[in-house]
Every structure is written in C-alpha cells, then in structure tokens.
Amino acid sequence: MMRHLIEPKDLTNDEMLRLIEIGQRIYKDPQAYHGVARGKILASLFFEPSTRTKFSFDSAMLRLGGEIIGFADANTSSAKKGESLADTIRVMSFYSDLIVMRHPKEGAPLLASKYSEVPVINAGDGGHNHPTQTLTDLITISQYKKTLENHCIAFVGDLKYGRTVHSLIKTMATFHSKKFILVSPDELRLPEFLLKYLEENHPEIEIQEAHYLEDVIHEADIIYMTRIQKERFFNEADYIKLKDSFLLDKEKMQRARKDAIVMHPLPRVNEIAYEIDDDPRSVYFEQSKLGVYIRMALICKMLEVGDYAAR
Amino acid sequence: MRLVNSIKNGIVIDHITKGRGLRVYHELKLDTIENTTVLLMNVGSDHLNKKDIIKIEGDFDLNHEILGLIDTNITVNLIENEKVVKKIFVEVPEKVSNLIKCQNPRCISHTDDYAKPVFTLVGKNGELQYQCSYCEEVTKVKFK
Ligand SMILES: [Zn+2]
C-alpha cells in the first residue's frame, strides 16, 4: 500500500524509532547508502520558498544517488496561475517516484496525496504540519541523549503559534517524557486545548509553566528554543522587555545541566547568542545535519529501497 | 383544523421551532423543486407550543445534515398512503460537508476547488464546533 507522510501521526512510534535507527546508521556510514536510490526521481515542489528545507531534501536525495526535478517557488511553476493543485500533482506524479512539497495553504499536501500516484511528503504547509522537522528533532534527541524517553524538556519562546513545537510536544508525550517546562511570555503561552490534551492523555507528565528561563533552566535535560517574532507582540515595549529573558546566553548556560542539550529548528533570529555556539551542549547545527540523514532514511522508506527494500 | 389537506405520499417536517420554518424552506431550496410543498407557520392552538411544519408531496431527497444544523426539535415523518411509515428524530450531524465554510483563511479549501473538506463535530456547548479535514482548524457554526 502506498503511504504518504502528511502529519507526524501518519507514523507509529515504532516506525519513527526505525527511521531514527536507520538515519543513525546512514550517519555513521553515508557511503554505504550512495546509490540506493539510483534511477529514482524526486519531485521537489516548493510552492513557497524555504531554502533550508529544500536543500535538506535535495541533499538527502543526491546522497542516495537519486535525481531531482521541481521548482523552488510557485512563481516559476505552472501552478502560479489557475492550475489546480490536483492537476499539478497528477502530472508530476507521472514524472517522479516521490513528491516532496511545501505549500503556503494549510491542508494542501493532504489534497495532493489524494491525487498522487506516488508517495507525498509534506515539507510544511503554512503553519500547520511539518513532520520532517519533528523527525529531525527526534533523531537529534536520540543521538545526544541515547533515548527518547524519560526526559525533562524545556520548550522556550513562542509556544502559541509555533506548531512544530506543538507536534514535538505531542510526539514526545507519547515517548514517556518525565516533565515539560513551558517557558513563554503570557502572550505566547501554549494554547489551552493542548494543555487540556496533555492533562487528559498524559496525566503522568509533569507540566510547569514559567516566565523566565533562568528560573528553570537547571532542571532541563533538553532546552528547545524557538523563534520569537516581533510581530507576535502587541507593542514594542513588551517585546523589548521580554526579548532578553528569551535570549539564551553564556550566563544562563552556566545554570544549565552539564549534560543538557540546546536545540533550535533554525534559522534563529536572536534567541541564541553567538557566544554559546562553541558550547558542547549547543547541538542546533548538528540538528540540521542530522535532518539530512533522517530525510535519507525517510526517502528510503517511501521508495522502499535500502533497508526498506522488499525482501 | 387543517388549512391544507394531508399528503398522500411524501415527507412531513414536523415540530420545527416556531419562526424557523421559512429558514428551513430556504435552506432546503424548496422553492426550486417541482414537488407540491406547503409551509405552515404558527401551527397549534396552545399559545406556548406553536410550531412550523413543512409538507412535501412525492419523492424528495431530504438532507438531514441541514435540518440538524438548523433545529434539533424537528421530527421527520415519512408518509405512504396517508400513513406515517417512519419517524426520524433529527440530530446534530457528526459529519458535515458542503454546508460549512472553513473559517481559517489560510485553508486550502478556499483556493482550490478540489479541496472539499468534511467537517467533524468536536464540540457543542452553546454553539456547534466543526473541525476541517484539511487544515484541522475548528469552525464555529451558528445556524440561527
Ligand atoms: Zn480548513
């Protein structure tokens, strides 16, 4: 049966663990995987530009020895004016073995999956789902903390609009997390429905909300930073007042655990001071790198090649 | 007292909350069909218990979703040979398509004709809340 990856829920926990395992295997010996996707074509359809995500997928496919066709933003595509997404996808799926798509409209990848002859991977639809970011976060945690279970995780910054944080929170909850510390200004608190969801579905996880990172940073095994956008604040004064509190710098890192890790989906705006880039606990660049390996594993799964080849 | 004769074969939409009959009539687009139809308003002698009734003679494919969104007091009677052969109590629909527009402006359903969302009932305290199958945002429905 053909499978798509539209939202993190499309994968079971076991499937995620297997992807991580294979991603780590590729990471250790990328050469062994060169050529497993030879003769396969990836259609990389970016209806909205996102250089970082596009390059991550392109790099993953090229490292597997496959080919790429597609476009980097809707202006260069036939989809610019008039053509329905369904038509674009129907045609592109004749030209390729796998589709990776990013689209500004929420729900677009789900629509695409209904008309595609080949698997579709959602590389982000508006502020809705971004499952490969979640997979990237998971492989990073697994790589540095050895297991996904039993951690105390501090989520810092914009917890209201950042839906990739929402899906990471939901996913980590299913991996038996010990505690979530939610650090955000009042304006950007985790939405009520998610707090309720955690309370009802994972009552064993301790939840603590905090305003200041310095108050709680010493407890966290994982410090997950997010972008805080100025536009999210009601006024400039509030933003200036709060922005320092959400800036992770050397001083705050002194209070953090010795074995803690600092993650960030990148690009950062000014949530992380450059001075901590050299701190061994800062793993956000490694996180981007691991993102390529987990995408290689995912491409293998969707194409049923390499470790996923039918026996 | 009956202003209009009862129907032989067809549908009676009964116990419509007083004042909503016209709304039901329009939402079902009864002005566009060939069947003989009757809208009765303020039926009943008891001052407090007046109701509206719609009768449709002949075959008609009734959309229960619409009724459920407008008024859950409604009961639908199917009539054959002047006898009620089936009585259906209208309920708030669990799934709705077509009748609701997603309130999320970023939703694909607004820009692509192929995207026809199905909405799932996720809450009904005071107002009905339906979740879009595409963007998963919740749209509140006030059909009054
Ligand atoms: Zn929607």
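Summary table below
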read-out	value
Qualifying trypsin sites (Lys or Arg not before Pro) in region B:91-129, DSSP loop, other Cβ atoms within 10 Å at most 16	B:LYS101, B:LYS124
For A:ALA220, distant residues with modelled amide H under 5 Å away	A:ARG257
Unit charges on C-beta of K, R, D, E only; dipole of region B:25-79, Debye	240
By accessible area with a 1.4 Å probe, ligands and nucleic acids excluded, highest first: order of A:MET2, A:MET101	A:MET2, A:MET101
Amide hydrogen neighbours beyond the local backbone of A:LEU248, cut-off 5 Å, H modeled	A:ILE272, A:ALA273
Diffusion coefficient, µm² s⁻¹, Stokes-Einstein with Kirkwood Rh over alpha-carbon pairs of region B:10-89 at 37 °C and 0.692 mPa s	258
Proximal aspartates and glutamates to B:LYS140, defined as alpha-carbon separation beneath 12 angstrom and excluding residues fewer than eight positions away on the same chain	B:GLU127
Qualifying trypsin sites (Lys or Arg not before Pro) in region A:77-174, DSSP loop, other Cβ atoms within 10 Å at most 14	A:LYS80, A:LYS81, A:LYS146
Over 18 Å (Cα to Cα) - which of A:LYS54/B:LYS116; A:LYS9/A:LYS301; A:LYS9/A:LYS170; A:LYS9/A:LYS178 fall in this group	A:LYS54/B:LYS116; A:LYS9/A:LYS178
Value of Rg to Rh for region B:60-112 (Rh from inverse mean 1/r over Cα pairs, i.e. Kirkwood)	1.17
Shielding by other protein chains, B:96-106, mean Cβ within 10 Å	2
Heavy-atom surface of the protein assembly as shown, accessible at 1.4 Å and reported per residue (Å²)	50
Other protein chain Cβ atoms within 10 Å, averaged over every residue that makes up A:98-109	5
Integer Hz, Karplus 6.51/-1.76/1.60 couplings in order for region B:77-91, x for Gly and Pro	10, 8, 10, 10, 6, 6, 10, 6, 9, 7, 10, 10, 8, 6, 10
Along chain A, longest interval not containing exposed chymotrypsin sites (Phe, Trp or Tyr not before Pro), exposed being DSSP loop plus at most 16 other Cβ atoms within 10 Å	A:1-160
The protein assembly as shown - percent of accessible surface contributed by carbon and sulfur, probe 1.4 Å	49
10 Å Cβ neighbours from other chains, averaged over peptide B:111-120	4
Packing-based ranking, highest mean first, of A:254-264, B:129-139 given that Cβ atoms within 10 Å are counted	B:129-139, A:254-264
Over 27 Å between alpha carbons, listed pairs B:LYS8/B:LYS51; A:LYS146/A:LYS243; B:LYS8/B:LYS87; A:LYS114/B:LYS142; A:LYS28/A:LYS250; A:LYS40/A:LYS114	A:LYS146/A:LYS243; A:LYS114/B:LYS142; A:LYS28/A:LYS250
Fully extended contour minus Cα-Cα distance, from B:VAL118 to B:LEU78, at 0.36 nm per residue	11.6 nm
Separation in nanometres of the label points that stand 7 Å from Cα toward Cβ, at A:ASP277 and B:LYS142	5.2
FRET efficiency, B:GLN103 to B:THR32 (Cβ-Cβ, R0 41 Å, nearest 0.05)	0.90
All-pairs Cα distance distribution in the protein assembly as shown, expressed in whole percent, bin size 10 Å	4, 17, 23, 21, 15, 10, 7, 3, 0, 0
Largest to smallest accessible area among B:THR111, B:THR17 [probe 1.4 Å]	B:THR111, B:THR17
Spatial separation of Cα centroids for region A:221-242 and region B:1-74, in angstrom	56
All-pairs Cα distance distribution in region B:95-141, expressed in whole percent, bin size 5 Å	5, 27, 35, 21, 8, 3, 1
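The values are calculated or read from the model by the stated rules, or taken from the named source; none is laboratory data. In this text, all values refer to a predicted model and were calculated from it rather than measured experimentally. Note that we place each Cβ from the backbone using ideal geometry, even for glycine, and neighbour counts take in every protein chain shown. SASA here: full protein model, heavy atoms, side chains in, ligands and nucleic acids out. Shrake-Rupley method; radii C 1.70, N 1.55, O 1.52, S 1.80 Å.
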